[in-house]
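Step one of this worksheet: look at the structure below.
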Amino acid sequence: MKVSLFIPCFVDQLYPQVGVSMVKVLERLGCEVDYPVGQTCCGQPPFNSGYWDEARAVAECSLKTFADSEMIVGASGSCGAMMKVFYPQLFKDTARKLASKVHEFSEFLVNVLKVRDVGAKFSGTATFHDGCHGLRELGIKQEPRELLRHVQGLTLVEMGEAETCCGFGGTFSVKFPAISTAMGEVKCASIATTGAEYVISNDSSCLMQIQGLLDRQGQKARCLHLAEILAGT
């Protein structure tokens with residue numbers, strides 16, 4: 001199967017190791033991975049802020065860049081939801097074909113490739129954070145957990161606030177920093193109760209928010225993207 005890799009801005013600019021880890025896992029499973037170099041931002045920031053015309057101008061690049069892709073696999077539930085759920089709102093029928101080919105990484109592995117054990121090894125105790133868009137827009141909940149349960153050496157411990165927003169929300173954290181911080185502190189307190197060494201999620205933007213607060217609180221838990229765990233052998 002040929003897979004076109006969609007790499008969100010956060011991964012491209014701040015966490016490139018996530019994209020590298022995705023390639024390692026996909027190639028290990030026999031996929032041919034293609035990275036369309038013309039890709040850029042999915043257009044979510046202006047879309048979420050109500051600037052739909054500006055969002056269309058940005059998103060049109062994705063429609064052209066991935067037009068001939070067989071499968072599109074993204075490193076983010078947030079950006080994946082933008083392409084799969086909100087592109088059809090922006091472009092109507094012209095985006096439905098593209099949207100049907102878009103898959104978030106964990107969902108693609110479990111539901112398309114029908115794989116749960118990717119041959120990963122990673123020692124430690126981890127808890128999982130459900131990103132809002134992946135959970136609420138794409139319905140992704142069990143897929144990443146199924147994959148993590150099959151990682152040799154990893155113990156998964158659920159936190160009480162797994163589905164609670166971390167407070168990032170893109171521009172929300174900039175416009176409402178006090179509220180954003182308060183929401184993040186709820187998440188961090190829940191993480192602390194698990195005693196987990198690692199916090200895992202499908203979204204690097206959420207992990208950036210959580211790691212920043214954990215560091216400021218002096219907590220030792222380390223945030224890692226799901227792909228980084230699955231790439232371990």
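The values are calculated or read from the model by the stated rules, or taken from the named source; none is laboratory data. Keep in mind that this is a model prediction, so the values were computed, not measured. Counting neighbours? That spans all protein chains shown, and the Cβs are built from the backbone with ideal geometry, glycine included. Only protein heavy atoms, including side chains, enter the accessible area calculation; ligands, DNA and RNA are left aside. Shrake-Rupley method; radii C 1.70, N 1.55, O 1.52, S 1.80 Å.
Please give me the summed charge of the neighbours of Ser4: other residues whose Cβ is under 12 Å from its Cβ, Lys and Arg +1, Asp and Glu -1.
Details: positive: Lys2, Lys101; negative: Glu32, Asp34, Asp68, Glu70.
Taking every Cβ under 12 Å from that of Ser4, the sum is -2.
From the P(r) of the chain, can you give the percent of Cα pairs sitting at distances over 22 Å?
In whole percent, the long-distance tail amounts to 50.
Per residue of region 136-142, in order, report the coupling 6.51 cos²θ - 1.76 cosθ + 1.60 (Karplus, θ = phi - 60°) as ³J(HN,Hα) in whole Hz, putting x for Gly and Pro.
8, 9, 9, x, 8, 9, 7
Taking the Cβ-Cβ separation of Gln152 and Gln219 as r and a Förster radius of 25 Å, what is the calculated FRET efficiency to the nearest 0.05?
Working: r = 26 Å, r/R0 = 1.05.
Between Gln152 and Gln219 the formula returns 0.45.
Return the aspartates and glutamates within reach of Lys187: Cα separation strictly under 16 angstrom, same-chain partners fewer than 8 residues apart disregarded; answer none if there are no such residues.
Asp130, Glu158, Glu161, Glu163, Glu197, Asp203, Asp215
Would you mind giving the three semi-axes, in whole Å and largest first, of the ellipsoid equivalent to region 52-97 according to its Cα gyration tensor? Before the final figure, lay out the partial values.
Numbers: eigenvalues 48, 33, 21 Å².
Ellipsoid half-lengths, sorted descending, are 16, 13, 10 Å.
In straight Cα distance, which lysines are under 22 Å from Lys92, not counting same-chain residues fewer than 8 positions off?
Within the straight-line cut-off, Lys92 pairs with Lys64, Lys84, Lys101.
Taking only protein heavy atoms and a 1.4 Å probe, what accessible area per residue, in Å², does the chain have with all protein chains in place? Please report the intermediate quantities before stating the final value.
Working: 10330 Å² over 233 residues.
Per-residue accessible area for the chain comes out at 44 Å².
Taking 1 over the mean of 1/r across every pair of different Cα atoms in region 100-233, what Kirkwood radius in Å do you get?
Numbers: mean 1/r = 0.0665 Å⁻¹.
After inverting the pairwise mean of 1/r, the radius is 15.0 Å.
At a 1.4 Å probe, what is the % contribution of carbon and sulfur to the accessible area of region 129-211? Write out the running numbers ahead of the final one.
Values: 2000 of 3520 Å².
Roughly 57 percent of what the probe reaches on region 129-211 is carbon or sulfur.
Put a dot 7 Å past each Cα toward the Cβ at Asn48 and Ala192; how far apart are the dots in nm?
Those two pseudo-labels are separated by 2.6 nm.
Show me, for region 215-227, the HN-Hα J-couplings you get by feeding each phi into the Karplus relation (A = 6.51, B = -1.76, C = 1.60, θ = phi - 60°), rounded to Hz, glycine and proline as x.
5, 5, 8, x, 7, 9, 4, 10, 8, 9, 6, 3, 4
Quick one: which residues, 5+ away or cross-chain, put their amide H under 5 Å from the amide H of Ser4? H built at 1.01 Å from N.
Close amide H contacts, sequence-distant or interchain: Asp34, Glu70, Met71, Ile72, Val73.
Multiply the residue separation of Asn111 and Glu185 by 0.36 nm, subtract the distance between their alpha-carbon atoms, and state the gained length in nm to one decimal. Write down the numbers at each step before the final one.
Values: separation 74, 0.36 × 74 = 26.64 nm, distance 3.34 nm.
Residue separation times 0.36 nm, minus the Cα-Cα distance, leaves 23.3 nm.
Cα-based Rg of region 41-171 per 2.2 N^0.38 Å, rounded to two decimals? Walk me through the numbers on the way to the answer.
On the way: Rg = 16.3 Å, N = 131, 2.2 N^0.38 = 14.0 Å.
Region 41-171 yields a ratio of 1.16.
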